[in-house]
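The values are calculated or read from the model by the stated rules, or taken from the named source; none is laboratory data. This structure is a prediction, so every number in the text was calculated from the model and none was measured. Cβ placement follows ideal geometry from the backbone for every residue including glycine, while neighbour counts extend to all protein chains displayed.
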Amino acid sequence: MAYRKLTAQNIEQLTAQGCTAKDWTEISVHEGLQLKYVQYVNFSGTCRIGRFEKSFQMAGGIEKHSGIYHATLHNVTVGDNCCIENIKNYIANYDIEDDCFIENVDIILVDGKTSFGNGTEVAVLNETGGREVTIHDHLTAHEAYMVAMYRHRPRLVSRLKELAAEYAAQVSSERGRIAEGCTIVDTGYIKNMYVGPCCKIEGAGRLKNGSLMSRRESPIHIGYGVIADDFIVQDGSQVEDGTMLTRCYVGQACTLGHGYSASDSLFFCNCQEENGEACAIFAGPFTVTHHKSTLLIAGMFSFMNAGSGSNQSNHMYKLGPIHQGALERGAKTSSDSYILWPARIGAFSLVMGRHTTNPDTSDMPFSYLIEKKGVTYLVPAVNLRSVGTIRDAQKWPKRDKRKAGEQLDLVNFNLLSPYTIDKMVRGLRILDNLEQLSGATSDTYAYQSARIASSALKKGKTLYRMAIHKFLGNSLISRLEKVEGDLTRLRPDLKDAASGVFEGEGDWVDLSGLIAPHTLVSKMMDEIEDGTLGTLQAIDARLHELHARYYDLEWAWAYRLMLSFYEIDEERITHEDLIGIIRQWKEAVVGLDKMLYEDAKKEFSMTARTGFGFDAQKQKTMDADFEQVRGDFESNTFVAAVTEHIERKTALGDKWLAKLS
């Protein structure tokens with residue numbers, strides 16, 4: 001762009017329009033600038049002003065022409081077609097790009113060199129320290145998980161922190177940036193902030209030392225009364241209505257509002273936090289809490305929904321708030337639930353009541369934890385037949401609000417995966433051992449400070465077997481479709497050249513959304529430690545590779561489990577073996593779907609209709625009122641989907657049974 005110094009005539013005009021300058025020679029203007037749009041401006045330091053040719057259309061039909069009115073600017077560059085008006089204090093050391101609207105703001109400044117929130121250490125899980133995560137504006141849930149949870153690999157943690165610190169140093173500057181298309185109105189104190197394209201800040205109280213990584217495709221909105229210090233917010237997120245953040249990272253497409261309060265916490269993509277409070281939590285993708293009375297503290301969560309009044313304790317009044325816990329992916333808490341940390345709750349489990357005996361049910365996924373008179377009862381696997389579990393699994397992909405383009409967190413939505421199925425295999429083995437050791441006639445069994453009723457143990461074993469049959473059948477049929485039924489191509493070819501071990505074998509881990517074999521994750525960590533993966537970009541590329549290879553790696557793992565679970569000789573596998581697996585798969589899929597169908601029917605029972613039908617002739621109007629609000633059972637979209645699923649899977653099983661026969 002062509003900029004020039006002011007002429008004597010220009011200075012005279014600006015002075016007549018109420019403008020002053022400490023040194024007029026430090027002011028440069030665009031060749032096309034009409035000076036009439038610069039009024040009552042105090043300049044100091046080096047300033048550069050673009051041209052003002054457009055107007056902003058305001059709500060209510062008001063039009064405001066671009067320009068600078070009633071402001072003090074110190075070392076500021078203003079791009080084309082900006083409107084800056086009524087700055088109560090001043091703007092200092094900022095580059096303001098084109099088409100920005102800034103009005104009724106107290107102060108916007110950069111004071112010295114700043115990294116805009118990058119490099120801030122967030123003390124997650126342990127309030128007293130020891131699991132700090134260094135945040136930066138490219139942080140993923142998976143990198144954060146490795147830093148927080150792999151403290152037994154100090155070289156790995158040190159290297160990841162070094163890379164984050166190097167990045168923070170690279171983006172540090174003594175000048176701030178407000179990118180093109182931003183709106184900042186009715187806002188108080190803004191210091192050491194980077195503001196990305198098309199960000200909208202309305203009525204915020206204080207924003208200090210942070211980055212708003214807004215994008216044109218997915219802008220950020222910061223609403224009224226927000227106070228945030230030492231933070232980063234990713235694109236597509238909304239932070240509203242008196243939310244208070246201190247040392248926090250907010251991932252893509254998150255919503256925080258209604259007076260939510262959080263300190264030393266990480267929130268990754270699609271989290272929704274309202275009304276309550278968080279302290280030192282690691283909130284993986286799709287962590288949700290809506291209620292004013294809910295406190296999440298010192299815990300790790302993902303795909304989680306916290307009921308009203310949910311609470312945890314991390315302080316036993318001995319050595320301080322040093323305890324922590326985890327609700328593995330998909331776990332939920334009911335209203336007024338309580339967990340005394342340390343504890344670990346298995347994936348897709350439901351916690352009801354108060355639990356003070358530090359349970360570890362990580363090898364019992366899809367369970368209920370129920371409190372009866374102060375005692376924790378475990379009901380294994382029962383959530384596999386819950387309509388709520390399946391509804392959750394269906395809704396998460398639909399509620400992913402991230403826009404196409406750069407998605408930082410790599411999310412695997414699968415309900416059944418090597419991660420959960422391996423836990424079921426272990427859980428089945430544990431239940432068998434409990435029954436053998438205590439005897440099949442026992443009324444209850446003790447497990448991990450919990451009790452399991454005899455009937456619950458037997459049902460749990462049945463449900464785990466059904467889920468394993470379902471997973472292995474799904475994997476087998478997917479592979480048969482891929483190899484067109486050729487048995488010679490069933491065997492995976494993903495062997496590691498050095499060890500000769502199938503790459504998918506062994507334990508799998510959930511890196512807060514990304515599910516992968518531990519062997520490959522460990523190999524990646526080795527390469528981070530020795531410098532082979534020497535940049536954050538290289539690490540991110542490897543994570544993308546692991547995520548993209550999921551289904552091939554899943555089959556490598558499922559194939560080994562299939563051989564052992566069904567006791568099949570790899571060298572003598574036959575069509576009859578596969579027919580037997582598919583028959584058991586078909587029975588399991590249809591059986592579980594029928595359980596879901598019956599569970600859904602409870603929502604249409606007479607008990608569920610309590611509260612419907614009002615005033616005169618209540619009994620006569622109850623059914624009609626219920627059906628107008630809820631519809632009838634058979635036409636319910638979920639019920640119809642279950643019925644269609646039974647038909648579709650039955651047909652698929654019959655097809656392959658016929659082919660293999």
Which one is surrounded by the most Cβ atoms within 10 Å (Cβ to Cβ), of the residues in segment 281-327 that are within 14 Å of the chain's Cα centre (by Cα) and part of a loop (DSSP other than H, G, I, E, B)? Gly284
Within segment 435-461, restricting to residues that are small (Gly, Ala, Ser) and surrounded by fewer than 15 Cβ atoms within 10 Å (Cβ to Cβ), the one that is nearest to Leu384 (Cα to Cα) is Ser455
Across segment 328-354, what is the number of residues that are within 18 Å of Ala453 (Cα to Cα) and either of a type in the set (D, E, K, R) or surrounded by fewer than 24 Cβ atoms within 10 Å (Cβ to Cβ) (or both)? 2
Please go through (1) more than 26 Å from Arg215 (Cβ to Cβ); (2) in contact with a Cys (Cβ under 6 Å, 6 or more places away or on another chain); (3) modelled with pLDDT of 95 or more for Ile297 and return the number of the only condition it doesn't satisfy. (3)
Name the one entry in Glu529, Glu571, Glu576 that is touching a helix residue (DSSP H, G or I) at 6+ places or on another chain (Cβ under 7 Å) and surrounded by fewer than 19 Cβ atoms within 10 Å (Cβ to Cβ). Glu529
Can you find, within segment 170-189, the residue that is nearest to Ile227 (Cα to Cα) among those that are assigned to a loop (DSSP other than H, G, I, E, B) and not basic (Lys, Arg)? Cys182
Residue check: is Arg426 more than 30 Å from Asp654 (Cβ to Cβ) and assigned to a helix (DSSP H, G or I)? yes
Tally the residues that are over 27 Å from the mean Cα position of the chain (by Cα) and either among the acidic types (Asp, Glu) or assigned to a helix (DSSP H, G or I) (or both), restricting the search to segment 110-154. 1
Is segment 93-109 home to any residue that is in a strand (DSSP E or B) and under 20 Å from the mean Cα position of the chain (by Cα)? no
Taking interchain pairs and intrachain pairs at least six residues apart, which have beta carbon atoms under 7 angstrom, with the first residue in segment 318-334 and modelled with pLDDT under 95 and the second among the basic types (Lys, Arg)? Gly325/Arg344; Ala326/Arg344
Across segment 223-266, what is the number of residues that are over 16 Å from Asp137 (Cβ atoms) and assigned to a strand (DSSP E or B)? 13
Taking the criterion of being modelled with pLDDT of 95 or more, crowded, with 19+ Cβ neighbours inside 10 Å, outside any helix (DSSP H, G or I) and under 23 Å from the mean Cα position of the chain (by Cα), would at least one residue in segment 398-406 satisfy it? no
Is it the case that Asn414 is assigned to a loop (DSSP other than H, G, I, E, B), outside the structural domain of Arg216 (by TED's automatic domain parsing), within 28 Å of Asp552 (Cα to Cα) and at pLDDT below 95? yes
Matching option when the condition is of a type in the set (A, V, I, L, M, F, W, C) and under 17 Å from Ile539 (Cβ atoms), among Ala168, Ala204, Ala179: Ala168
Return the only residue of Gly223, Gly251, Gly203, Gly236 being more than 22 Å from Leu296 (Cα to Cα) and touching a residue at least 40 places away in the same chain (Cβ under 8 Å). Gly236
Condition first: over 22 Å from Leu520 (Cα atoms), surrounded by 13 or more Cβ atoms within 10 Å (Cβ to Cβ), within 35 Å of the chain's Cα centre (by Cα) and of a type in the set (A, V, I, L, M). Can you find one or more residues in segment 479-496 that meet it? yes
